[in-house]
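Have a look at the structure below before the remarks.
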Amino acid sequence: MRPGVPLAVVLEVIVGCWGEDKNMRSIEFHNREKEIKEIKAILDTRPTLITFIYGPINSGKTELINHVIEELPEEYVVFYINLRTKLLVSYDDFIESLFEMEMESEGIKRKGKETLTELVSSVTKVAGIPINKEFLDYVFKDNKPKNAFSYIIKLFEEVKATGKQPVLILDELQKIGDVKVNGFLIYELFNFFIDLTKEKHLAHVFVATSDSLFIENIYSEAMLEGRCRYQLVDDFDEATTATFLEGHGFTDDEKALAWKYCGGKPVYLLELIRTDDRGREIERLLRMRAGELKTNLKTLKELGDKITVKKEHYNISYENIVCALKMFLDEEEIDMWSIDEISKHYLVRNNILFLDPDKGIIKPQSRLNLLAVREVIADV
Ligand SMILES: Nc1ncnc2c1ncn2[C@@H]1O[C@H](COP(=O)(O)OP(=O)(O)OP(=O)(O)O)[C@@H](O)[C@H]1O
Ligand SMILES: [Mg+2]
């Protein structure tokens, strides 16, 4: 770490996210029984595999993780790091995001805990990874990920020695992107996660992401084969959506209308719950989404666009994009191999489509997106 480099505090972000959520928290956490059961079953056994939590955007991945953490008994010590709001362009940025640190004008502020044991005893249920001055120097020495990782192992072993089970959760891991330390940081991290799970059985590791192209890369990553599992957190199904809305006073007609247009996307359902005129809100949401898509296609048609995939630049073909989207006129989801790679990358990156490599399918990011696609594509 360099003095003067702005240092975001992990805990601040977590508290920040929760602060934001609190305004919304008049709406209680709903259901997710199946996913919670699956995650708890993982936590009940010895750590062996890395778990990738994935799903369409705004499906409730982070909310589910926070809920599971809140419900966990004291014997689990959770280290939760959300990289969403981080600007991660260098290895230092990543390390700063990982460790719970505070920056003052003259340098790093000490946390007041000098030894590892003191740090461990002060660890609460949810935190970034705590560190003291002594280890900080070591972790930053020579820009070696190995230093950071061997410190974390040491810390986790201390936690385990107190009879507790460490759990490491990284939300939005794809944000480390192409950060390099000799090789790509992501590979160093995957090796570290494998060490924590399959090799040492020391900590449970969960990685959450809303980037389905990232998950696709992971899915075909040889080093992770047989070393990870996938946990899908999709939008609510119809029955779950119905009970959610019922709890907020929706009539049968309103429930049917909400499902028809918004499907089970929690974030849209929350919009409907908060509004007085549900029909108008649905109309507004669809108009907005269709408008965005129309503009997107018009710009592409008239100005063209490019995309970079694996460092190569490709031109986007308007005709191919239209052809890909037309497949959704009659289908809700399609085989993931039926769209050409460039169009697939473009449509997924623009949050129009969601790719599920585990199921081998591609579908619009939401029901609203599907309807917007159908509306717009019928006119071109
Ligand atoms: N089970 C649930 N019960 C009530 N509200 C929920 C539930 N799941 C998600 N929400 C609400 O929906 C919104 C989106 O959820 P969240 O941020 O967890 O989605 P996400 O999948 O993590 O999104 P992203 O793809 O951007 O990472 C939040 O406002 C959250 O409070
Ligand atoms: Mg999230």
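The values are calculated or read from the model by the stated rules, or taken from the named source; none is laboratory data. What you are looking at is a predicted structure, and each value in this text was computed from that prediction instead of being measured. Every residue, glycine among them, receives a Cβ derived from its backbone with ideal geometry; neighbour counts consider all protein chains shown. In case anyone asks, the SASA skips ligands and DNA or RNA and just uses the protein heavy atoms, side chains included. Shrake-Rupley method; radii C 1.70, N 1.55, O 1.52, S 1.80 Å.
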Yes/no for residue 69 being among the hydrophobic types (A, V, I, L, M, F, W, C), assigned by TED's automatic domain parsing to the domain that holds residue 189 and either modelled with pLDDT of 95 or more or more than 25 Å from residue 243 (Cα to Cα) (or both): no
Boolean, residue 215 is in contact with a strand residue (DSSP E or B) (Cβ under 9 Å, 6 or more places away or on another chain) and within 16 Å of ligand 2 (Cβ to nearest atom): yes
Residue within segment 49-69 that is hydrophobic (A, V, I, L, M, F, W, C), more than 16 Å from ligand 2 (Cβ to nearest atom) and open to solvent by 40 Å² or more (accessible area, probe 1.4 Å) present: yes
Qualifying residues in segment 161-184 (those that are free of Cβ contacts under 8 Å to residues at least 60 places away in the same chain and not in a strand (DSSP E or B)) - the one nearest to ligand 2 (Cβ to nearest atom): 174
Residue, farthest from residue 356 (Cα to Cα), within segment 30-48, restricted to residues that are open to solvent by less than 50 Å² (accessible area, probe 1.4 Å) and within 16 Å of ligand 1 (Cβ to nearest atom): 30
First in segment 271-300 and small (Gly, Ala, Ser), second anywhere and open to solvent by 40 Å² or more (accessible area, probe 1.4 Å), Cβ under 6 Å, 6 or more apart: 290/375
In segment 186-212, the residues that are part of a helix (DSSP H, G or I) and either within 16 Å of ligand 2 (Cβ to nearest atom) or over 18 Å from the mean Cα position of the chain (by Cα) (or both): 187, 188, 191, 192, 194, 195, 196, 197, 198, 199, 212
